[in-house]
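Report on one structure; see the data block that follows.
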Amino acid sequence: MIKNIVILGGGTAGWMAANILAKRWAKHLIQVTLVESSDIGIIGVGEGSTPQLKSFFDYMEIAEEEWMPACNATYKTGIRFSNWSSKPGFDSYFHPFPAQPDDYSAPAFFYNSFVRRKGIDVDAHPDKFFLATYLAENLLGPKPDHNFPFQLGYGYHFDSSLVGAFLKKHALKLGVHYLDAKITDVKLDANGNIGQLVTDQQQAINADFYIDCSGFSATLIQQALKTPFVSFGKNLFNDSAVVMPTPAAADIAPQTKATALSSGWMWSIPLTNRTGNGYVYSSNYLSADAAETEIRKQLDLLDSNVAVRHLKMRVGRVERHWVKNCLAVGLSQGFIEPLEATALHLVQETILGFAEAMEQGDFTEREQKNFNQSINQRFEAVRDYIVCHYRVNSRTDSQYWLDNANNNYLSDSLRELLQVWVGGGNLTQEIERQKIGSYYPSASWHCLLAGYGVFPTKEQLSPGNEIAHKYNISNIQDFIRRCALNFKPHREQLNDLVAKKQVM
Ligand SMILES: Cc1cc2nc3c(=O)[nH]c(=O)nc-3n(C[C@H](O)[C@H](O)[C@H](O)COP(=O)(O)OP(=O)(O)OC[C@H]3O[C@@H](n4cnc5c(N)ncnc54)[C@H](O)[C@@H]3O)c2cc1C
């Protein structure tokens, strides 16, 4: 039924939506038009991904050598969290992306985490158990040699403006129409659907369906359609960020660093030409000036005149993402702060989920309802995982961290997960019972809780018997080391992409 789709907004969300829909519905002769205002511009942050982004580029049939060098991109095998916990021995841990060899090592980690929660002194720090962790620590890239028979999930770091420009070029090749114009008015029809967009030059733009990728302004979904916003502010305090680049590091580790500071945390994202840094904090606890001083100090740039950017974030989601003839995608539909870099993952899930719903059920209310429910569940599940990072922190150096640790505004799901962990229960079974393993798998929850050292204290631990010490950690580490022999240095893998591109 739909013949004509207009996407409002040309940030990463808008161009991802344009590419997916232009490819997916090419044979249905659906015209996709993207309207954006270069005067307004894009947010220009969002430079880390989950492994899901690989499936986007695979779906688009865009090879890594085509897009990665063009966007100064690097590989990512996970995130290193530092200073979130003050428990001795647990000041830092790595959250790895899943890899097939984990099938061998993760059961030992789960077992040891369980045994340690029961009060027995076995090694349960996540860093010893995962190949992705070893690769990041040793500056190895995530692409194995051809003879290595196991798959490894990995994500990317990239320059978001360059990715936008790359995707724009690609979308135009697929036949997407483009208009640089500022929308100043949105007219609704008698049924409350969006009837037309009007530019500041009084040009009217009509479509059967509209996709709102207008960023935090949420021009269509909120301003025009008045869809209520559900704030996550009660359990995610951060609402601001200050961003500043530094020169590229000599060694590029395939990892994002997430380091806790006085009233939030700082990311460090390595690109081939620079490192992106940003301090995400709560303005209720820290002024913008103090945040800037703290990040400058952290980066040893107190006296430098490198420019910073201050940003505001709106954390939460719209009540419904698909309303009438409008779908909200990207920051317009919501945002769960950048820890774990999930925003583009949600963008992708939203567009693909919408496309599937449309294909299966046309425009029925039932399809809309199911779709909105499933995207809301996804937002909530990601939120809970992020909230857990704050709730189980054990820092005592600022009111911010104390308030986070004492914040009992938790979902039932998260509360039950924490009860199972602390009560010495089976976390994997609880994740299965709640049916939330497709959002964050058991390994991720184990890494988070074990990585923070949420265990009985050292004094409460006893040595345990042979059954408790069933796994030999050095055998596991040896296995990981031998697996890692099949991976070249990260830098070499990035250089290979450039060489491949030159041959093409
Ligand atoms: C501090 C911070 C860190 C982040 N880190 C990550 C991360 O590591 N990983 C991750 O996945 N995500 C991250 N994100 C989220 C990420 O930045 C966004 O999901 C992503 O950039 C997509 O943004 P967008 O396209 O929705 O919005 P924008 O980039 O803001 O684009 C909005 C578009 O709408 C257009 N527009 C708006 N109003 C009008 C109008 N009236 N007329 C015409 N055009 C209009 C603008 O011109 C622009 O083209 C982060 C976000 C923040 C705030």
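The values are calculated or read from the model by the stated rules, or taken from the named source; none is laboratory data. Keep in mind it's a predicted model, so treat the numbers as computed, not measured. As a convention, Cβ positions derive from the backbone with ideal geometry for all residues, glycine included, and neighbour counts pool all protein chains shown.
Details
- Of the strands (runs of 3 or more DSSP E) that lie entirely inside the stretch 25-122, those containing 3 or more residues that are more than 16 Å from the ligand (Cβ to nearest atom) span 92-96.
- In the stretch 397-454, the residues that are in the same structural domain as Ala106 (by TED's automatic domain parsing), farther than 21 Å from Glu340 by Cβ and in contact (Cβ under 8 Å) with a residue 60 or more places away in the chain: Val422, Gly424, Asn426
- Scanning the stretch 420-456 for residues that are in contact with a Pro (Cβ under 6 Å, 6 or more places away or on another chain) and either more than 18 Å from Pro126 (Cα to Cα) or not small (Gly, Ala, Ser) (or both) turns up just one, Cys447.
- Checked against the criterion of being near the ligand (Cβ under 8 Å from one of its atoms) and either part of a helix (DSSP H, G or I) or surrounded by fewer than 23 Cβ atoms within 10 Å (Cβ to Cβ) (or both), the stretch 349-372 has no qualifying residue.
- Subset tally (residues that are more than 11 Å from Pro69 (Cα to Cα) and in contact with a Ser or Thr (Cβ under 7 Å, 6 or more places away or on another chain)) for the stretch 491-502: 0
- Helices (runs of 4 or more DSSP H) completely within the stretch 401-504 that count 1 or more residues being over 27 Å from the mean Cα position of the chain (by Cα) and aromatic (Phe, Trp, Tyr): 473-484
- Of the residues screened, Phe379 is one that is part of a helix (DSSP H, G or I), in contact with a strand residue (DSSP E or B) (Cβ under 7 Å, 6 or more places away or on another chain) and at pLDDT 95 or above.
- One residue from Leu344, Leu261, Leu311 being surrounded by 23 or more Cβ atoms within 10 Å (Cβ to Cβ) and within 16 Å of the ligand (Cβ to nearest atom): Leu344
- Considering only residues in the stretch 7-24 that are closer than 14 Å to Lys169 by Cα and either of a type in the set (Gly, Ala, Ser) or assigned to a loop (DSSP other than H, G, I, E, B) (or both), the one that is farthest from the ligand (Cβ to nearest atom) turns out to be Ala22.
- Of the candidates Thr199, Thr227, Thr246, Thr256, the single residue that is touching a Ser or Thr at 6+ places or on another chain (Cβ under 6 Å) and either of a type in the set (Ser, Thr, Tyr) or away from the ligand (no atom under 16 Å from the Cβ) (or both) is Thr246.
- Number of the exception - Tyr285 against (1) in contact with a Ser or Thr (Cβ under 7 Å, 6 or more places away or on another chain); (2) of a type outside the set (Gly, Ala, Ser); (3) assigned to a strand (DSSP E or B): (3)
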